[in-house]
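Notes follow the structure.
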């Protein structure tokens, strides 16, 4: 491709792109489709090549200090046929993302505490909530509470939610 060193449009027709050492290739090593157009611009010591493949792929390379040469790599544009991977964009893959969703919540086993005539704060553990309150027989005093941990399920594993006091 570097031999296309005169400014203008070039029609490219290569049945086997692997026969051209500097033919544009995807990061996985697969070469772009061998038919298309190549636009070349040469100005002074700088040059630019832009390949438009017939299947829609685009590749570009340039240098500001030398003429067309095979030592310049191609930059391949993403398109609907060549979509970026999750790692290309520093995103999670679907399976990595699915492994982080909270799929369910529940209260764990409760703890009953008598509070009548007992000083203290309940629940006294981070991530726990009061789930029920019970009164004495005359409905005047709180005799006790039940508190339990809030739990979440992520990737089929249950975790107690860590919390704190406000």
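No value in this document is a laboratory result; all are computed from the given coordinates. All of these numbers come straight from a predicted model, not from anything done at the bench. Glycine gets a Cβ as well: all are built from the backbone with ideal geometry, and neighbour counts include every protein chain shown.
Order of 23, 134 from fewest to most other C-beta atoms within 10 Å?
If I rank by nearby Cβ atoms, fewest first, I get 134, 23.
In Å³ and rounded to a whole number, note down the convex hull volume per residue for the Cα atoms of the range 8-76.
Measuring per residue, one finds 77 Å³ for the Cα hull of the range 8-76.
For the chain, calculate the relative contact order in percent as a whole number, restricting contacts to Cα pairs under 8 Å that are 6 or more residues apart.
Over the chain, the number comes to 15 percent.
Given a Förster radius of 22 Å and the C-beta distance between residue 162 and residue 100 as r, what FRET efficiency does 1/(1 + (r/R0)^6) yield to the nearest 0.05?
0.85
Once a ≥ b ≥ c are taken as the square roots of the eigenvalues of the Cα gyration tensor of the range 102-160, is the result rounded (a/c under 1.5), prolate (a/b larger than b/c) or oblate (a/b not larger than b/c)?
Taking the square roots of the gyration eigenvalues as a ≥ b ≥ c, the range 102-160 is prolate.
Just want to confirm a number: the relative contact order over the range 102-160, from Cα pairs under 8 angstrom separated by 6+ residues, in percent.
45
At 0.36 nm per residue, minus the direct Cα-Cα distance, what do residue 138 and residue 154 gain on full extension? Give it in nm, one decimal, please.
Roughly 1.3 nm would be gained on extension.
Relative to the present Cα-Cα distance, how much length would full extension add between residue 91 and residue 9 at 0.36 nm per residue of separation?
Roughly 25.7 nm would be gained on extension.
From the helices alone, meaning DSSP H stretches of at least four residues, give me the mean residue ellipticity at 222 nm for the chain, per-run term -39500 (n - 2.57), in deg cm²/dmol to the nearest 500.
Here the helix-only value at 222 nm equals -500 deg cm²/dmol.
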